[in-house]
Every structure is written in C-alpha cells, then in structure tokens.
Amino acid sequence: MNVSASKENILKKIRQALSHPTNLPFPASEGVDSVFKSSQQELEFEFAEKFTKLQGRFSFCENQQQLTEQLNTLITARNWQKIFCKEDILKQNLTNNGFTNFHTTDIHSCDAAITSCEQLIARTGSIVMSAAQQSGRTVSVYAPVHICIAYTNQLVYDIKDAITNVKEKYFEALPSLITLATGPSRTADIEKTLVVGVHGPKEVFCFLVEE
C-alpha cells in the first residue's frame, strides 16, 4: 500500500508539472544559428593557429609546384624512404608536378602516408575525412605520420558548415563514415600523463594549397 501511495504521489507531481509548462530557458539555442562567434581573422590564420596549438604541423603553399617542393624537402630532411598514398587523383596531381617519392604500397611498413580531405574546420583546427575517399579512415590512423593535402576552398569556420558541405557534395549517397582528426593521436588515460601517438599517428602535417 505504501508503494501505491508513493507511486500516486509521483504521478500527481508529474500531472501538476505538465499542467504548468515552463518556458525554455534559452530559446535561441533551438535555432540553427551557431553558438560560436564568427572568426575575426582569415580562416587560413584561424586554422593554422588552432592546428599548431594541437601539435599539428602546418604549411601554406601558393601553388602545386610549391607544394611538391615543400613535400620533397620534408621527406629528405626526415630521411623517409617509404611514402604511401592510396588516392589515384592525388598521386597523379603530385606526380604531374614533379613528386617522385611514392615508394611503397604497404601502409603497415610506411614512414608516412599522404591523403586528401573533405574539409578543414578553422574553429577547432580539425581535418574532416570520410569513407568516400579512397584512403578512407584507415590511412590516417595506421600510418605513423599523416600528411594531409588540402585547399583553401575546403576551409570552413565551424563543424556544422563542414557537415552541410559534405551533405551537399554527396546528396543521397552520404558516406557511411565522416570523421574528424584534430591533431596527432593523444591520450592521458595512464596516470593523467599526456602520451602522443598511442591510437594513431604521432605527427600530423597539413599542407594548405591556395586554390
């Protein structure tokens, strides 16, 4: 009987609450407007600033030729022998501009892997990738070093802008996976000590090319 009385008391309170609905405390939050203020600087600078704060390595290229030069300089300086790339169009573009450092078809033994991306998010310094890319997500996760080639027309300010653009690009054939990579892999699960490169690449490079 005590249980029934308690149950009835709870139901009574619920009925009273429903009869006097409370207005939403933040009605504007239900809209589609971003809760973040727009960037006060160029998106290129915003992305570079956030990306480097997350231990990413950023480089701006004025054209494809400069991209190739910077890539070759990086590979020579690091003495990388095995560069992996799975994306045919990306490989062709780089090869056409004098890049000749693709020396492996095995991602598990490569020194670094090169991919494209779907979008770059300036506010968070994130790289957006999807399953629709030939490289998928595998390349950016398994390679010890991830090198992303992006273009200025892929830059957006916020996550919602990136998702909108991906939806418009693929329409009904939306990729089964859309993922955000925000700097090198890192975790602080063990004794709250930050460790880089545990679940993914130890280094992430982004070469942003003027489109």
### Task
Kindly check whether there is at least one residue in segment 93-104 that is in a helix (DSSP H, G or I), crowded, with 16+ Cβ neighbours inside 10 Å and either of a type outside the set (D, E, K, R) or over 22 Å from the mean Cα position of the chain (by Cα) (or both).
yes
### Query
Would you call residue 114 within 21 Å of residue 61 (Cα to Cα) and either touching an Asp or Glu at 6+ places or on another chain (Cβ under 7 Å) or surrounded by fewer than 16 Cβ atoms within 10 Å (Cβ to Cβ) (or both)?
no
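Pick out, from segment 114-186, the strands (runs of 3 or more DSSP E) lying fully within it that include 3 or more residues that are in contact (Cβ under 8 Å) with a residue 60 or more places away in the chain and of a type in the set (A, V, I, L, M, F, W, C).
Values: elements: 119-121, 126-130, 145-151, 178-181.
Of the strands (runs of 3 or more DSSP E) lying wholly inside segment 114-186, those with at least 3 residues that are in contact (Cβ under 8 Å) with a residue 60 or more places away in the chain and of a type in the set (A, V, I, L, M, F, W, C) span 145-151.
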### Selection within segment 64-92 - among the charged types (D, E, K, R) and part of a helix (DSSP H, G or I)
69, 78, 88, 91
### Task
Please find, within segment 67-88, the residue that is surrounded by the fewest Cβ atoms within 10 Å (Cβ to Cβ) out of those that are of a type in the set (A, V, I, L, M) and touching a residue at least 40 places away in the same chain (Cβ under 8 Å).
74
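From 125, 136, grab the single residue that is surrounded by 16 or more Cβ atoms within 10 Å (Cβ to Cβ), on the phi > 0 side of the Ramachandran plot and modelled with pLDDT of 90 or more.
Working: 136 fails: modelled with pLDDT of 90 or more.
After ruling out the rest, the residue left standing is 125.
The values are calculated or read from the model by the stated rules, or taken from the named source; none is laboratory data. Quick caveat: nothing in here was measured; it's all calculated off a predicted structure. Ideal geometry is used to build each Cβ from the backbone, glycine not excepted, and the neighbour counts take in all protein chains shown.
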